[in-house]
Protein chains: 2
Amino acid sequence: MFAAESLVRTLINQGVEVCFTNPGTSEMHMVAALDRTEGMRSVLCLFEGVATGAADGYARMADKPACTLLHLGPGAGNGLANLHNARRAYAPVVNIVGDHARDHIKLDAPLTSDAAGVCRPMSRWVGCVADASEVSTMAVEAVQQSYGPERGVASLILPADCAWSDAEPSVIEAQPVPAPNAVDATTVETVAAALRAATDPVLFLGNDACREDGLAAAGRIAAATGARLFMDTFVPRIARGHGRVSAKRLGYFGEQALEELGATDLLVIAGSKPPVAFFAYPDQPGELTPPGARTEILAGPADDVIAGLQALAEALCSGQTEPDLPAQSQAPKLFPDEPLNPGYVGISLLRHMPEDSIICDDATTSGMGVFPWIEHGPRHDWLCLTGGAIGSGMPQAIGAAMACPDKQVFALCGDGAAAYTLQALWTQAREKLDVINIVFANHSYLVLNVELARVGAGDPGPAAQQMLSLDNPKMDWVKLAEGFGVPGQTARTAGEFDSALARALAAGGPQMIVAEI
Amino acid sequence: MFAAESLVRTLINQGVEVCFTNPGTSEMHMVAALDRTEGMRSVLCLFEGVATGAADGYARMADKPACTLLHLGPGAGNGLANLHNARRAYAPVVNIVGDHARDHIKLDAPLTSDAAGVCRPMSRWVGCVADASEVSTMAVEAVQQSYGPERGVASLILPADCAWSDAEPSVIEAQPVPAPNAVDATTVETVAAALRAATDPVLFLGNDACREDGLAAAGRIAAATGARLFMDTFVPRIARGHGRVSAKRLGYFGEQALEELGATDLLVIAGSKPPVAFFAYPDQPGELTPPGARTEILAGPADDVIAGLQALAEALCSGQTEPDLPAQSQAPKLFPDEPLNPGYVGISLLRHMPEDSIICDDATTSGMGVFPWIEHGPRHDWLCLTGGAIGSGMPQAIGAAMACPDKQVFALCGDGAAAYTLQALWTQAREKLDVINIVFANHSYLVLNVELARVGAGDPGPAAQQMLSLDNPKMDWVKLAEGFGVPGQTARTAGEFDSALARALAAGGPQMIVAEI
């Protein structure tokens, strides 16, 4: 038995069931080990950013890590952007990066680089296997580190000779993993007292607070105290749809956020951190806690925020108060000949989306237009672009679909974002995943046109406009999808989109709908 | 004037004429500065790996740096793999990475990461602008660092507030840049004496030694001493074709290389380092200097190897000896109905390739099959995959075409490699570049099938085979190219390819030919 096989068997024992991979020569013994071992599914990706994005989506839906298998420093580099998103989603990922054999590194062969250094900025933990005898213990450590208690990316650097060694390190059985930190009773009491005393409190939710149970508890707290419910602009996974409590997503721009939070005198942080602006702008504040508001931290990202919210709800309302939930939304009348816009995409989702769907949102401006329409529609999980690194949607959809094979997945992508990681479509086709990719073709980095105006850099001339425009040439997303084996349709009106969505759902498997907006 | 404008004007004064970019909000003042300034051409790329690969190709052909403009740590991450290739090509690149405003970084907003840390593994120098007053001096430093004397990637981290400041740092005029280190006379004498004394010397060429003047001097040395001429397996730029001296590329696999070098008693290193294996294998040597051979270093990558070779040639042959050069190759008879293979692609290039073409080789196994056919054909520069990070070819072709608008560029890509950075096709179309992309569609990571057998990991089972196969589904490269605005053709026979190549050359602009092999 190669050491690589011990590593794979140990990972399987820790509950790691899927490996998203793009291997190379230095990973061949891992490939052989995956080949020989039952219990871990290997999913080939054409680009490492697809593999890491898939691992992110998997972790958000499965609540446990998948592993990756990447090829040296450059392969890890290709995966960094979606590891960044995973890190910002507090998504557990075991990121395995093969490296040259230990004796080979000092020869400085062409593919040599500092693989650990590449991983470090986007990892909460980086471990370098120094000897074949360590592979199993390091694998357990990587899994445990991915669980946190603040969950995230644990990168394991595996030299080829440590994988190919026949030293037969023992396979390790399932080991306990860290749980989130408990929220202590004093904190709950302090927050409860602050809420009782406040005149316009805001409960600011993030991370797991936006899961169904967290929102339910938050709803009870709101009903008991009058607190307004907000959530981070970008949350890893939001439980939405009929029968669920809603919180308002904080506006993307700082001035929106400050206006929304208004004259609140108390901000209770539950699962997140005090709000900050996404980007800095000249002469604009970065911190968005309104002046005069007191901040109380119920739970941060490493804490058991759901239990904390439930304890807080008990403290405040002793189980009696329940929030009023609006009735399930009925889809408004469709005007089929209207030019398509993100709102009509939202209405069609309201009409056709199966219960318990998953939406991976990588459509910066357009996603915001879809979001409100389905708030009280069919139940779904909405996965946000947590780290702002575009190119997350179609890869994330792979992982979400692998974690939840019975659910329908939608990837909402801006055309600029989709162009980052379109190779994901091939893996969707190969694995026959039920993913409907909706590309919003506005032929522009639309958000940047807004931003260029906002930063006060003056009126854009032709060169600046060209740097933000995607219309020369226009991408043909039906051809791009078909090139990777995914059938495509184009919709230019509300009616065309509605029909295309119905057809895509009936057909099953991966589908592309180009929403020309 | 924004500080960003001072930075751009300073760069232009240092000879930087092109910016390969994918900007975001934190780069908007750089976008505005590029917009307002004459003398720097902005080239939009849909993915950062395209921008960095283009900068690599540009540097190899222009012998000076282009700059990039990337968006924070994740954008830099997406660019790392082709920066790695540039680093391994000793290609000067000024890699500009925008970052959050200095006050914003501490707020840990979603896009925050250690941008300098991301760049460090693939950069020879990383500078962080700490104040707007520094932008011009840091820009000059970055350009100088890119020139070395060992040329490479200089990364400049630019916080948004340092770009948007109106502090008006002065624009700096052209400054001298480091030249390569001179090879001293003693070294030349020592090497000359060693060559005279050796019985089977090998001159091992790399980097600029493989430019036309370096090869000419090497040819004279060989004629005078009987030295055999070898070069690195992967060289940044090889001058080839009729009237030029050839050196043999060292075999990719260690056992090939050792057999080729044979019983040499002297290895003279000129522009490179002593040969090492690309990957490590169990029980195989990594160092490929034959046992018993003495090594003499004439020049390393930081040295003026061309002048060194010329001085060595003078010392050995006093200007009299000239190498015999073979006549220009005539294309062999074409058998049009034969199934296509890389050799037939080479023959068609021999038949149709214009003089002074540029070939960007990202076709691991197939490129090796094309290479020998055109050795004495039309003059051309052959750019190798120096760092082994696949996905270089189509991006590199952008930069080569920008540097040499009068030359015909070919990108040779494996289908696995092409899938890494296919977004490059869009920029080729947008900029109407004369690039013919040839994708070798073997529907496999072919080299990995070879490697899996070589590493001794046993016979591959179905799961391993699936991890190395690209045939389910097969990618349709004509559709993928057309999706990005590049016309495509498919060839399955020698005759079909020959006709397709003639048509593509006649049409001009970017073209895709799918070579089904």
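Note on the range A:20-52: among residues that are within 23 Å of the chain's Cα centre (by Cα) and free of Cβ contacts under 8 Å to residues at least 60 places away in the same chain, the one that is surrounded by the fewest Cβ atoms within 10 Å (Cβ to Cβ) is A:MET40. Picking from residues in the range A:119-129 that are open to solvent by less than 30 Å² (accessible area, probe 1.4 Å) and within 7 Å of chain B (Cβ to nearest Cβ), the one that is nearest to the chain's Cα centre (by Cα) is A:MET122. Condition check for A:GLU314 on (1) within 21 Å of B:HIS104 (Cα to Cα); (2) surrounded by fewer than 16 Cβ atoms within 10 Å (Cβ to Cβ); (3) out of contact with any Leu (no Cβ under 8 Å at 6 or more places or on another chain): one failure, at (1).
Test A:ASP381 against the criterion of being within 15 Å of the chain's Cα centre (by Cα), open to solvent by 10 Å² or more (accessible area, probe 1.4 Å) and within 25 Å of A:GLY508 (Cβ to Cβ), and give yes or no.
On the way: within 15 Å of the chain's Cα centre (by Cα): yes; open to solvent by 10 Å² or more (accessible area, probe 1.4 Å): yes; within 25 Å of A:GLY508 (Cβ to Cβ): yes.
Yes.
Restricting attention to the range A:73-118, the residues that are in a loop (DSSP other than H, G, I, E, B) and either more than 8 Å from chain B (Cβ to nearest Cβ) or under 15 Å from A:ALA55 (Cα atoms) (or both) add up to 6. The set of residues in the range B:457-473 being more than 7 Å from chain A (Cβ to nearest Cβ) and surrounded by 15 or more Cβ atoms within 10 Å (Cβ to Cβ) consists of B:GLN465, B:LEU468, B:SER469, B:LEU470. Among the conditions (1) among the aromatic types (Phe, Trp, Tyr); (2) open to solvent by 40 Å² or more (accessible area, probe 1.4 Å); (3) in the same structural domain as B:PRO405 (by TED's automatic domain parsing), B:PHE335 misses just one, which is (3).
Could you list all residues from the range B:1-19 that are modelled with pLDDT of 95 or more, facing chain A (nearest Cβ under 9 Å) and open to solvent by 10 Å² or more (accessible area, probe 1.4 Å)? The answer is none; no residue qualifies.
In the range B:474-505, what residues are part of a loop (DSSP other than H, G, I, E, B), in contact (Cβ under 8 Å) with a residue 12 or more places away in the chain and either in contact with a His (Cβ under 7 Å, 6 or more places away or on another chain) or facing another protein chain (nearest Cβ under 8 Å) (or both)? First the steps, then the outcome.
Here is the first cut: in the range B:474-505, the ones part of a loop (DSSP other than H, G, I, E, B) are B:474-476, B:484-487, B:492.
Checking the rest, the ones that are also in contact (Cβ under 8 Å) with a residue 12 or more places away in the chain come to B:474-475, B:484-487, B:492.
Those that are part of a loop (DSSP other than H, G, I, E, B), in contact (Cβ under 8 Å) with a residue 12 or more places away in the chain and either in contact with a His (Cβ under 7 Å, 6 or more places away or on another chain) or facing another protein chain (nearest Cβ under 8 Å) (or both): B:LYS474, B:MET475, B:PHE484, B:GLY485.
Right, A:ALA441: in contact with a helix residue (DSSP H, G or I) (Cβ under 7 Å, 6 or more places away or on another chain), of a type in the set (Gly, Ala, Ser) and open to solvent by less than 10 Å² (accessible area, probe 1.4 Å) or not? Taking the combined requirement at face value, the residue satisfies it. Which of the residues spanning the range B:275-294 are under 27 Å from the mean Cα position of the chain (by Cα) and either among the aliphatic types (A, V, I, L, M) or under 17 Å from B:ALA218 (Cβ atoms) (or both)? Hits for the range B:275-294 are B:PRO275, B:VAL276, B:ALA277, B:ALA280, B:LEU288.
Test A:ALA193 against the criterion of being more than 30 Å from A:MET1 (Cα to Cα) and not charged (D, E, K, R), and give yes or no. Against the criterion (more than 30 Å from A:MET1 (Cα to Cα) and not charged (D, E, K, R)), A:ALA193 qualifies.
Considering the range A:57-72, the residues that are among the aliphatic types (A, V, I, L, M) and more than 13 Å from chain B (Cβ to nearest Cβ) include one that is most open to solvent (accessible area, probe 1.4 Å), namely A:ALA62. Does any residue of the range B:65-73 turn out to be among the β-branched types (Val, Ile, Thr), touching a strand residue (DSSP E or B) at 6+ places or on another chain (Cβ under 9 Å) and within 21 Å of B:VAL140 (Cα to Cα)? Yes; the residues of the range B:65-73 include at least one that is among the β-branched types (Val, Ile, Thr), touching a strand residue (DSSP E or B) at 6+ places or on another chain (Cβ under 9 Å) and within 21 Å of B:VAL140 (Cα to Cα). Restricting attention to the range A:418-456, the residues that are at pLDDT 95 or above and at the interface with chain B (Cβ under 7 Å from one of its Cβ atoms) total 6. Among the residues examined, A:VAL447 does not qualify as within 24 Å of A:ARG60 (Cβ to Cβ) and surrounded by 24 or more Cβ atoms within 10 Å (Cβ to Cβ).
Residues considered: A:ALA174, A:ALA142. Of these, the only one that is in contact with a strand residue (DSSP E or B) (Cβ under 8 Å, 6 or more places away or on another chain), outside the structural domain of A:ALA307 (by TED's automatic domain parsing) and touching a residue at least 12 places away in the same chain (Cβ under 8 Å) is A:ALA142.
When A:ARG228, A:ARG237 are checked against the criterion of being open to solvent by 20 Å² or more (accessible area, probe 1.4 Å), out of contact with any Cys (no Cβ under 6 Å at 6 or more places or on another chain), at pLDDT 95 or above and over 22 Å from A:ALA197 (Cβ atoms), A:ARG237 stands alone in meeting it. Of all residues in the range A:396-417, none satisfies being over 17 Å from the mean Cα position of the chain (by Cα), outside any helix (DSSP H, G or I) and within 8 Å of another protein chain (Cβ to nearest Cβ). Pairs meeting the criteria (first residue in the range B:450-462 and closer than 15 Å to A:GLY24 by Cβ and in contact (Cβ under 8 Å) with a residue 60 or more places away in the chain, second residue among the hydrophobic types (A, V, I, L, M, F, W, C) and open to solvent by less than 60 Å² (accessible area, probe 1.4 Å), beta carbons under 7 Å, at least 6 apart or on different chains) are B:GLU451/A:MET28; B:VAL455/A:MET28; B:VAL455/A:TRP164.
The values are calculated or read from the model by the stated rules, or taken from the named source; none is laboratory data. Owing to the predicted nature of the structure, the values given are computational and were not obtained by experimental measurement. Here the Cβ is made from the backbone with ideal geometry for all residues, glycine too, and neighbour counts use every protein chain on show. Just so you know, the surface numbers come from the protein's heavy atoms only, side chains and all, with ligands and any DNA or RNA stripped out. Shrake-Rupley method; radii C 1.70, N 1.55, O 1.52, S 1.80 Å.
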